[in-house]
């Protein structure tokens, strides 16, 4: 049986709008940025201007629901928009669907409390802040969450984090991080492979004893550099209890479970 990969008229209309915007707005602006040397106030002016135009054109935040100011697209539609946006260097950023913010938005949308969404998710959706995702560690294979060594435990109304993270893309300008750490490690309990892992959302300004350094590796080309940071956390307190959250895979009902730091035990999501 053959598979029909053609797009519906509605999706084709969205794809054409994004493609036209990339060709008529983003690429000419990128050329002007290159002519100006790729830095300075002119670059910032061009970038902010493109984001405003994308917002006005209704092709802003394709991955988020309409109630958060997005387009409310599904996986297929989002992949289509991302493919068109990737035809330009600044495309994903102009539409506010760039990594790691795009993935962090999804995490906050599904697992954060209402208070956390207002503090962290709303500014991300509005394009006013940046975020980062701290997972990789130098002592282990950082792409494998089952090997994470950074640990966290609750101390009163705070979470204490101990560990070493590096290659944290976007860390040098992020307003907060979503950090992967172990919060339980009981060998007597049946578990999924990733059971000991959890993610803790925290503000970078709400930590103590953390130090970071920029990556010193020379990028292949000046404009394609992706600054990464390393952070050593030798007893690093997360932000105030109600400003942090964690989520971990649990044994039993499938899916993720979440809990506010101030909660006595995890609660299963309603959806």
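Here are some notes:
- A residue that is over 14 Å from the mean Cα position of the chain (by Cα), over 20 Å from residue 103 (Cα atoms) and not assigned by TED's automatic domain parsing to the domain that holds residue 93 occurs nowhere in region 166-175.
- Condition check for residue 87: outside the structural domain of residue 171 (by TED's automatic domain parsing), in contact with a helix residue (DSSP H, G or I) (Cβ under 8 Å, 6 or more places away or on another chain) and over 30 Å from residue 136 (Cβ atoms): no
- Filter pass, residue 15 being outside any loop (DSSP other than H, G, I, E, B), within 25 Å of the chain's Cα centre (by Cα) and closer than 21 Å to residue 128 by Cα: no
- For region 51-69, the set of residues classified as part of a helix (DSSP H, G or I) and surrounded by fewer than 22 Cβ atoms within 10 Å (Cβ to Cβ) consists of 51, 52, 53, 55, 56, 66, 67, 68, listed by residue number.
- Residue in region 178-193 that is within 20 Å of the chain's Cα centre (by Cα), under 30 Å from residue 71 (Cα atoms) and either modelled with pLDDT of 90 or more or surrounded by fewer than 16 Cβ atoms within 10 Å (Cβ to Cβ) (or both) present: yes
- Of residues in region 79-91 being in contact (Cβ under 8 Å) with a residue 40 or more places away in the chain and part of a loop (DSSP other than H, G, I, E, B), the one surrounded by the fewest Cβ atoms within 10 Å (Cβ to Cβ): 87
- Only residues that are outside any helix (DSSP H, G or I) and in contact with a helix residue (DSSP H, G or I) (Cβ under 6 Å, 6 or more places away or on another chain) were counted in region 92-111, giving 2.
The values are calculated or read from the model by the stated rules, or taken from the named source; none is laboratory data. Predicted, not measured: the structure shown is a model, and the values here were computed from it. Don't worry about glycine lacking a Cβ; one is built from the backbone with ideal geometry, like all the others, and counts go over all protein chains shown.
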